[in-house]
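Worksheet: the structure to be examined is printed underneath.
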Amino acid sequence: MFGEMSVLASVMDILIPGSGSGKAIMAAVLLGAGCGLLGCFVVLRRVALMGDAVSHAVLPGVVAGLIYSSERSPGIIFLFAAVAGLLGAGLVRLMMMSTRLKSDAALGIVLATFFAFGIMWQSRNQQDTVGVMNFLFGNIGSIDASDLRMMLVTTSILVVTMFFLRRPLLLLSFDEGFSRGLGYPVKILNGVFYFLLTFSVVVALQAVGVVLVSAMLITPAAAAYLLTDRFERMMILSVVFGVVSGITGGLVSAEVNGLPTGPVIAISATVLFGVIYLFAPRHGVLSKVMRTLRRRMRVRRENTLKAIYQIHEGEGFAHEEVSVLMLARKRGQTEENVSKDCKALLSRGFIEMAEDGVSLHLSRLGWKRAMEIVRNHRLWELYLTNEADYAEDHVHEDAEKIEHILEPGIVRQLEQHLDFPELDPHGKPIPQPAHLVAQSTVTI
Amino acid sequence: MNDEQEPALETHDLTVTYHKRPVLYGIDVAVPQGSLVGIVGPNGAGKSTFIKSVMGVVPSSGGWVKVFGKPMRENLHRVGYVPQRESVDWDFPVTVMDVALMGTYGGLGLLRRPGKAEKLRASEALDKVGMLPYSNRQIGNLSGGQQQRVFLARALAQDSDLYLMDEPFVGVDAATEAAIVTLLREMRERGKTVMVVHHDLQSAGEYFDHLLLLNMRLVAFGAVQDVYTPELLQKTYGGRLTILSEVADQAAKL
Amino acid sequence: MSTLEYITLPWEVLGVGALWLILMAFFVALPCSQMGSFLILRRMALTGDAISHSVFPGVVIAFFITGDLASPWLIVGAGLAGLASTVIIELIHKWTRVKQDAATGISFTALFALGVVLMEVLLGKNVDLDLECVLHGRLGLLLEEDQVALFGMLVPVPVLVMAGVSAFTMLLMGLFCRVMMLSSFDADLAASYGYRPAVIHYSMMFVVSFIVVAAFQAVGAILVIALLILPGAAAYLCTYRLKVMLMIAALHALLSAVGGLYLHVWFNSNMAASVVVSGGVLFLLAWLLGPVDGVVWKWLKAEHSALEESSDEDGNS
């Protein structure tokens, strides 16, 4: 048996880098993998604060491990820490099941009392303050080969378990009731989840420290959540972000002497999150703002087109040209503003300006779009009045908003529903842009 | 200041979106004083939301609300609110009397404590619903019907002019249900206006004198005999206006 | 040592200092116990945790500027940091699909990390504010602080300051207890009376920040959460009446202070941690024996009614 163990040890030793920075990078990779994977579930199950509680709860285990293993054996420390973490998680559940206390109180109680117990115990055995500090605030530089070996083993167990159980765990996270109905052993799966959570905490302990481990469980996964809608991709991205944060944090804190690595890693992860928060293509805040702005511009353009159409309609479509002044009056705005709107319409090909620069007329595209808007408006008013029994004085406001967002499919439904009407509730004709395609001239 | 002619509640174009879902769309209604109104509609029609948005608990994205002719903010004290039982924290360390006393807090301001007058009002309210003997019980320790009565007592203690009640008949025993109906009628006799979100269509026709038919939009409002008709009920319950809800969905996401 | 000697040990070792230690711990724990009770009722226990972590960078910056841990500017710094934290949380969960718990976690871990980095970079090896202080405060060093003569006795200054903070908080509690109770139980009803939920919420958060900063010097940033939650949680298991709950929480604060002193002296362990552990033991007692929710009583009651039922069946045949 020892023969196989030593073969295993030699295999692992191949994986472990010789240099200090190599070791740091590997530690970052392992912590990124562990926390990144579990973090996805933590974020989706909305148990972020549970992660915080478990991570604080491991402290007494760490202290016990440091006290009772003379050569600072990582195996003992990891084992005791894991036991403490699991004990904490178990106590939280026990508290919630046996009393009226809710989850937030139970988590806070376990978090604080376990942590205090760890501090108290450590203060009795003053020996290894530096060692404890490394575990509290992280010191990636203090990770040696034997630590890495332990982390490698733990992460492998974690990754393999996650791989085999990813579907049941995902289903459980999404819909516990449904999982129960399928006959999944929900209690056991939940137990496994907390096991894995504790392992991921333990892997990250030396690099990030007890106090800030929960940052690595939450922030990279949340960043991934903003970038994708697919769970597999979320897990991969989360791991990548965890690794990047770990490496960045390790590198930066190496520059400053005496700075614990945990906070720097946490800040790196947050900065990364911040960048994604702003710039993520669909869910990022800036892209949402851009979308809103673009939509507002479009609405403005369409309202201008509508105004031009209405001027024409008011004159019985007698003239081809419309002057900027008339448009300004119709829209109730200054000529300057209206000129700007016209420029926008011009660049998109909706209108053509005459040589004198004062009057303009609609292009074919412009006619089509103007008619569509007016049609949408009047169709919607008719629908609200007839089908939804809205008061007549009401419908105009609503149609002003809706005319810009009616999609062709819905328009067709409306036309069919209302039996291809010709007049709106106020007696105005409903334009038929389709007719425009058949005609070769612009005037009606 | 003649406000006898003012409707107890008036809304105009009240629109509410909740988490980018349209829930209420352009509600226009004027409820005359002294009416006993049942608010009915299918599940998810926005009945609770209607009450909550009137109270200002849920923000509206359009329209306005007036109570006795004034904006809600100015006449808050004239409105009594009875919430859904499922939204209450039954583990909270308060007794039946504590809850009834809460109804008197409105007139007390920030610093004054409830005195003899308030305690009397609370006791009378509890007596009216038959819960006075339970004054010292913690509220989690009661049956569904008893819990509902305690909240009714609280509303009575408020001595408001307009009452908004959210599904008070859910999960109560028959005796409590009858008692509540009697109580509501008594309140109407005293000139109060009561609006009740009700889940059961059949009894709605019997309990109330006005009905508000709601399905994301106002389908109809009026006296029971005018509005409790097959056509209108079909319009309310027979599936949503699909186009309206699709479009409202789109609009809400903006 | 005999049992009696164990009991008198603190007074022998520390003299009147034992009294100051107990009082200091009590004056810190008392306001925490009262506000913390409401945090529990509002299910915001972990917001308290978030606040205690988030205010840290504000404290560091204020200390860097004033050089004085007792300066009132620390409260300002903490308040601003707390405000920043709330803003960040709202920005995240209101504007993206990340939910509130994750947003809270992102915010307070980032702020706390920032605080630690600022502390190391700006303050370097500072005796008054270092990592140890962050972890468990300086309660045990109370007797080395400046003292002031009062009524013929020499009282450590922090004790007087904390007594003031405590009195002020208790005054606020007395005035606003009713409103807080109403708003915590039924925010909608409170809103209908004109007590807007947002105003109540932010006021409470501000008071919690104030207490947390005051407690920071004594017990550090992480153990504060214990002082906030343990008394209220223990009391919650003992009674159904709010006023009684608040009184039991206060009693818990006192007993934790006393217990903490004894543990500190018997085991030569960190004072703040000892107070918390002692509070934890008291909570354990409440969990087992609490009249309302205690596990032992409930088990006994279940046995008792099971017995009653079986005898009932025999009786009514």
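The values are calculated or read from the model by the stated rules, or taken from the named source; none is laboratory data. Computed from a predicted structure; not experimentally measured. Positions of Cβ are backbone-derived with ideal geometry, glycine not excepted, and every protein chain shown enters the neighbour counts. All accessible areas refer to the heavy atoms of the entire protein, side chains included, with ligands and DNA or RNA removed. Shrake-Rupley method; radii C 1.70, N 1.55, O 1.52, S 1.80 Å.
If every alpha-carbon in chain A counts as one equal scatterer, what log10 I(q)/I(0) does Debye give at q = 0.06 1/Å?
These q points yield log10 I(q)/I(0) values of -0.47.
Along the charge dipole of the protein assembly as shown, Cβ charges K/R +1 and D/E -1, which of A:Ile430, A:Leu251, B:Ser48 sits furthest on the positive end?
A:Leu251
For region A:288-362, what is Rg from Cα atoms divided by 2.2 N^0.38 Å, rounded to two decimals?
1.11
Running a GNM on chain C with Cα contacts under 10 Å, which residue among C:Leu135, C:Leu172, C:Leu83 ends up with the highest mean-square fluctuation?
For chain C, modelled as a Gaussian network with Cα springs under 10 Å, the answer is C:Leu172.
Stokes-Einstein diffusion coefficient for region C:152-282 at 10 °C in a medium of 1.306 mPa s, Rh from the Kirkwood formula over Cα pairs: what value in µm²/s?
Estimated via Stokes-Einstein, D reaches 97 µm²/s.
Report ³J(HN,Hα) in whole Hz for each residue of region A:17-34, in order, from the Karplus equation J = 6.51 cos²θ - 1.76 cosθ + 1.60 where θ = phi - 60°; Gly and Pro get x.
x, x, 7, x, 5, x, 5, 4, 5, 5, 4, 5, 4, 5, 5, x, 5, x
How big is the charge dipole of region C:3-316 about its Cα centre, in debye rounded to the nearest 20, if each Lys and Arg gets +1 on its Cβ and each Asp and Glu gets -1 on its Cβ?
940
Computed over the Cα atoms of region A:13-129, what is the convex hull's projected area averaged over all directions, in nm²?
For region A:13-129, the mean projected area of the Cα convex hull comes to 8.9 nm².
Sticking with the crude label model, points 7 Å out along Cα→Cβ, report the distance from B:Ala174 to B:Asn43 in nm, one decimal please.
2.6
How large is log10 of I(q)/I(0) for region C:1-151 at q = 0.14, 0.20 Å⁻¹ when the intensity is taken from the Debye formula with one equal scatterer per alpha-carbon?
Summing over Cα pairs of region C:1-151 leads to -0.86, -1.29.
Provide Rg and Dmax in Å for the protein assembly as shown, with only Cα atoms included in the calculation.
Rg, Dmax (Cα atoms, Å): 33.7, 114.
Can you compute the modelled spin-label distance between C:Leu9 and B:Glu206, with each label point 7 Å from Cα toward Cβ, in nm?
So the two model labels end up 7.5 nm from each other.
Please arrange B:Lys66, C:Lys125, B:Lys128, B:Lys47 by accessible surface area, largest first, computed with a 1.4 Å probe and ligands excluded.
Sorted by accessible area, descending: C:Lys125, B:Lys128, B:Lys66, B:Lys47.
Through the Karplus equation 6.51 cos²θ - 1.76 cosθ + 1.60, θ set to phi - 60°, convert the phi angles of region C:107-117 into ³J(HN,Hα) values in whole Hz; use x for Gly and Pro.
Rounded to whole hertz, the list is 5, 6, 5, 5, 5, 5, 4, 4, x, 5, 4.
Mean separation of Cα pairs under 8 Å and 6+ residues apart, divided by the residue count of chain A: what relative contact order is that in percent?
Relative contact order for chain A comes out at 16 percent.
With a 1.4 Å probe and all protein chains left in place, how much of the accessible area of region A:288-362 comes from carbon and sulfur atoms, in whole percent?
C and S atoms contribute 53 percent here.
Local charge sum around B:Met187 (other residues, Cβ-Cβ under 11 Å, Lys/Arg +1, Asp/Glu -1)?
The answer is +1.
Along each of the three principal axes of the Cα atoms of region B:23-125, give the extent in whole Å, ordering the values from largest to smallest.
Taking the Cα atoms of region B:23-125, the three principal extents are 45, 33, 26 Å.
How many percent of DSSP beta bridges within region B:123-253 run antiparallel, rounded to 5?
55
Accessible area lost on pairing B with C, both sides, 1.4 Å probe, Å² to nearest 100?
2600
Relative to the isolated chain, which residues of region A:280-327 have their accessible area cut by 20 Å² or more in the presence of all protein chains (1.4 Å probe, heavy atoms, no ligands or nucleic acids)?
So the qualifying set is A:His283, A:Val285, A:Lys288, A:Arg295.
So what is the orientation-averaged projected area of chain C, using the convex hull of its C-alpha atoms, in nm²?
23.1
Counting only Cα atoms, I'd like the Rg/Rh figure for region A:366-443, Kirkwood definition for Rh.
Over the Cα atoms of region A:366-443, Rg/Rh equals 0.97.
Which whole-number percent of Cα pairs in chain B have a distance greater than 31 Å?
So the portion of pairs separated by more than 31 Å is 25 percent.
Pop out a list of residues from region B:232-252 that are at least 50 Å² less accessible with all the protein chains around than in their chain alone; 1.4 Å probe, no ligands or nucleic acids counted.
B:Leu241, B:Ile243, B:Val247, B:Gln250
What shape does region B:135-243 take by its C-alpha gyration tensor, where a ≥ b ≥ c are the square roots of the eigenvalues and a/c under 1.5 counts as rounded, a/b above b/c as prolate, and the rest as oblate?
prolate
Counting other Cβ atoms within 10 Å, which trypsin sites (Lys or Arg not before Pro) in region B:151-254 have at most 15 and lie in a DSSP loop?
B:Arg190
Give me the percent of the accessible area of region C:3-316 that comes from carbon and sulfur atoms, probe 1.4 Å, all protein chains in place.
Exposed carbon and sulfur together represent 70 percent of the surface.
Note down the magnitude of the dipole of region A:267-388 about its Cα centre, charges +1 on Lys and Arg C-beta and -1 on Asp and Glu C-beta and zero elsewhere, to the nearest 20 debye.
It works out to roughly 820 debye.
At a Förster distance of 51 Å, what's the computed FRET efficiency of C:Ala149 paired with C:Arg196, Cβ-Cβ distance as r, to 0.05?
Efficiency for this residue pair is about 0.60.
Go ahead and estimate [θ] at 222 nm for the protein assembly as shown from helices alone: -39,500 (n - 2.57) per DSSP H run with n ≥ 4, summed, over the residue count, rounded to 500.
-21500 deg cm²/dmol
So what does A:Arg294 come to for accessible area, using a 1.4 Å probe and Å² rounded to 10?
Its heavy atoms expose roughly 150 Å² to the probe.
Which net charge results when you count Lys and Arg as +1 and Asp and Glu as -1 among the other residues whose beta-carbon is under 9 Å from that of B:Val197?
Neighbour charge sum, excluding B:Val197 itself: -1.
Over region A:73-192, what portion of Cα pair distances is larger than 21 Å, expressed as a whole percent?
Of all Cα-Cα pairs in region A:73-192, 58 percent lie more than 21 Å apart.
With a 1.4 Å probe and all protein chains left in place, how much of the accessible area of chain B comes from carbon and sulfur atoms, in whole percent?
Taking all protein chains in place, chain B shows 49 percent carbon and sulfur surface.
Along the Cα-to-C-beta direction of B:Thr242, a point sits 7 Å from the Cα; which residues of region A:402-433 have their amide N less than 15 Å from that point?
A:409-418
Compute for chains C and A the buried accessible surface, both sides summed, probe 1.4 Å, and express it in Å² to the nearest 100.
5000
If you count only protein heavy atoms with a 1.4 Å probe, what accessible area per residue comes out for the protein assembly as shown, rounded to a whole Å²?
Ligands and nucleic acids excluded, the result is 43 Å² per residue.
Among DSSP bridges having both ends in the protein assembly as shown, what percentage is antiparallel? Round to the nearest 5.
Percentage antiparallel, nearest 5: 65.
What pairs from A:Lys102/B:Lys20; A:Lys368/A:Lys428; B:Lys70/B:Lys192; A:Lys306/A:Lys340; A:Lys187/C:Lys298 go past 21 Å between their alpha carbons?
A:Lys102/B:Lys20; A:Lys187/C:Lys298
What is the list of residues in region A:386-412 whose amide nitrogen lies under 16 Å from a point 7 angstrom out from the Cα of B:Ala30, following Cα to Cβ?
A:391-394, by backbone N distance to the label point.
Starting at the first residue of region A:342-355, write each ³J(HN,Hα) from the Karplus equation 6.51 cos²θ - 1.76 cosθ + 1.60 with θ = phi - 60°, in whole Hz, x for Gly and Pro.
5, 4, 4, 5, 4, 5, 9, x, 7, 9, 10, 8, 6, 5
Based on Cβ point charges of +1 for Lys and Arg and -1 for Asp and Glu, what charge dipole magnitude is obtained for the protein assembly as shown about its Cα centre, in debye rounded to the nearest 20?
It comes to approximately 1060 debye.
Can you tell me the FRET efficiency between A:Val411 and C:Leu91 if r is taken as the Cβ-Cβ distance and R0 is 51 Å, rounded to the nearest 0.05?
The formula returns an efficiency of 0.85 here.
Please find the FRET efficiency linking C:Phe267 to C:Leu300, where r is the Cβ-Cβ separation and R0 is fixed at 35 Å, and quote it to the nearest 0.05.
0.55
Would you tally the net charge around C:Ala272, using a Cβ to Cβ cut-off of less than 12 Å, leaving C:Ala272 out, and scoring K and R as +1, D and E as -1?
Counting the neighbours of C:Ala272, the net charge comes to 0.
Please enumerate, by chain and number, the aspartates and glutamates with C-alpha under 17 Å from the C-alpha of A:Lys343, excluding those fewer than 8 residues away in the same chain.
Excluding near neighbours in sequence, the set is A:Glu302, A:Glu321, A:Glu335, A:Glu352, A:Glu355, A:Asp356.
Just how much of A:Tyr225 is accessible, in Å², when a 1.4 Å probe is used and the result is rounded to the nearest 10?
Using a 1.4 Å probe on the heavy atoms, I get roughly 40 Å².
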